[in-house]
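The values are calculated or read from the model by the stated rules, or taken from the named source; none is laboratory data. Note that this is a predicted model, so its numbers are computed, not measured. Cβ sites come from the backbone with ideal geometry, for glycine too, and all protein chains shown count toward neighbours. Note: accessible area is taken over every heavy atom of the protein model, side chains too, but ligands, DNA and RNA are not part of it. Shrake-Rupley method; radii C 1.70, N 1.55, O 1.52, S 1.80 Å.
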Amino acid sequence: MPLPLKLQKSGQISLQTQIFEQMRGMILEGRLRPGEPVPATRALSEQLGIARNTIALAYERLIAEGYIETRRSVGTFISMQIPEGALYAATHRSVVPARGTRRAKTKTESPGIRSQALVNPHRRRFVADFWVGRPDPNSFPRKTWAKLISRRLLSAGSALTEYRDPSGFIELRRAIADRVRPTRNIATDADEIIIVGGCQDGLNLVSRMMLSPGSTAVVESPCYQGAAFLFESFGANIFPVRVDERGLDCRQLPNAKNAIAYVTPSHQYPLGVTLSLERRLELLAWAAETNSYILEDDYDSDFRFHGAPIAALKGLDRTGRVIYLGTFSKCLGAGLRLGYVIFPPELVDRARHMKTLMNNGQPWLEQATLADFMESGGYERHVRRIRKLYFSRRNALLAALEKHFSGGEIIGDEAGMHLAWRLPRHLPSASKVEKLAIEAGVGVYTLASGAAVNFDASAESERYLVLGFSSLTEREIATGIARLADVL
Ligand SMILES: Cc1ncc(COP(=O)(O)O)c(C=O)c1O
């Protein structure tokens, strides 16, 4: 049956993206049902009057993100298991009108707007949920925070009733500058820092300054959804660059001028590898040559378990090409919505204006409380404490995997709050393992359902699971992996 695709051949959006978006929409809205056959590329190319290769590329993307699947020598079908991350995005669609009613065109329906999975996309309670990147809720320093915040509240004067500096509370910016100098090797001062609502807000700020439809945004392949989807929403051309065991493969960087490149050099999301020094230098040289900027997302670098902490990429930047993003979501909690961006001097004024246009700055009370916590030394003690806790949990996960499975490979366990597990050869694909695990009450995640965009359609990328360990007790970790072994 012909697919009801409507393509704009002279529009700004490539035919490949239009096919991808429209088919994805039909799948999410249930107009194409799991198990239904997808037209062969030749048939669709004849129907639409466009090159077969364009359709093949759109199909590759749909396969990579789990919307359709090929069955050897049978054909291509709508996936039996649509990735949960996508379903989660679908639940964010406003109201689904009854059949036959006309919908008003809203911005969320325009092509290219989707959002990252923030919570376990299965919406299920698990015996053990290895969802990624969550601090342990019990680790939040409640008593100290309560004391500090009430002290600030009682002495706030006009701080809560008047506009403050949109760049952020100066004492917090100073405390951050003082911290990143020794811990991340970044020579900066408060003037180059803008306080934002977490990395996501920082990425928005930078995107609003630098992206317009048709700009080039280099991303890691696989990449954190929050970055790739955001750049896509600005109409940027996404240029995925493969990540291997030494991080981003810089030989693949494009020859485009004025691009941005989003990277997670300390602990690649989701694979967990560290960008090698040689490649860091190559990336910096590429940025200088092409007049591009690098967005360094250093989301979980406070948790390094082996060896000396690795300096930030920004610490090596001599030409002002790196914009550094830090967040308090991992060390304190994502509910705080606090992070910071460190800009090269030449961008600071524009960033300050843009931040003012966006929201006049972040809430004062939490910023002031955090500044006090940092200045008192309490924050550093807190980080040391939870680093130890997560180290033990990581070790418990490694021990459990070793006890129950042989032949797999662990990647990215030297740092962070999650690791990537390359499945042993005798186990089925990652999607199948995820599905079986759910039935056993255990949450484990493929790259695509673990908040990553997987641009790689190869079978190899279907061999990885991401496992977060920071919010589980050692006992939960042991039970979860034992159950997983049983069900497999
Ligand atoms: C790669 C990456 N960057 C940033 C963040 C944190 O974002 P935010 O600071 O907006 O909470 C996450 C959270 O999961 C992440 O995985």
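If the condition is being free of Cβ contacts under 8 Å to residues at least 12 places away in the same chain and not basic (K, R), then segment 179-201 contributes only P182. The single condition among (1) on the phi < 0 side of the Ramachandran plot; (2) in contact (Cβ under 8 Å) with a residue 60 or more places away in the chain that P363 does not satisfy is (2). Determine, yes or no, whether R164 is modelled with pLDDT of 95 or more, basic (K, R) and away from the ligand (no atom under 16 Å from the Cβ). When the stated conditions are applied, R164 passes them. For the structure I just gave you, tell me whether P111 is crowded, with 20+ Cβ neighbours inside 10 Å and either at pLDDT below 50 or not assigned by TED's automatic domain parsing to the domain that holds R475 (or both). Spelling it out, it is not the case that P111 is crowded, with 20+ Cβ neighbours inside 10 Å and either at pLDDT below 50 or not assigned by TED's automatic domain parsing to the domain that holds R475 (or both). Surrounded by fewer than 22 Cβ atoms within 10 Å (Cβ to Cβ), within 16 Å of the ligand (Cβ to nearest atom) and of a type in the set (A, V, I, L, M), is that true of A285? For A285, the condition - surrounded by fewer than 22 Cβ atoms within 10 Å (Cβ to Cβ), within 16 Å of the ligand (Cβ to nearest atom) and of a type in the set (A, V, I, L, M) - is not met.
Residues in segment 167-206 that are open to solvent by less than 20 Å² (accessible area, probe 1.4 Å) and more than 16 Å from the ligand (Cβ to nearest atom): S167, R173, A175, A177, I186, T188, A190.
Among strands (runs of 3 or more DSSP E) entirely within segment 323-434, having at least 2 residues that are open to solvent by 10 Å² or more (accessible area, probe 1.4 Å) and at pLDDT 95 or above singles out 409-411.
Hey, any hits in segment 438-447 for a residue that's outside the structural domain of L57 (by TED's automatic domain parsing) and open to solvent by 50 Å² or more (accessible area, probe 1.4 Å)? Checking segment 438-447: at least one residue is outside the structural domain of L57 (by TED's automatic domain parsing) and open to solvent by 50 Å² or more (accessible area, probe 1.4 Å).
Is there a residue in segment 131-148 that is at positive phi and either assigned by TED's automatic domain parsing to the domain that holds F229 or within 16 Å of the ligand (Cβ to nearest atom) (or both)? For segment 131-148, residues at positive phi and either assigned by TED's automatic domain parsing to the domain that holds F229 or within 16 Å of the ligand (Cβ to nearest atom) (or both): present. Regarding L472, is this residue open to solvent by less than 50 Å² (accessible area, probe 1.4 Å) and closer than 26 Å to E245 by Cα? For L472, the condition - open to solvent by less than 50 Å² (accessible area, probe 1.4 Å) and closer than 26 Å to E245 by Cα - is not met.
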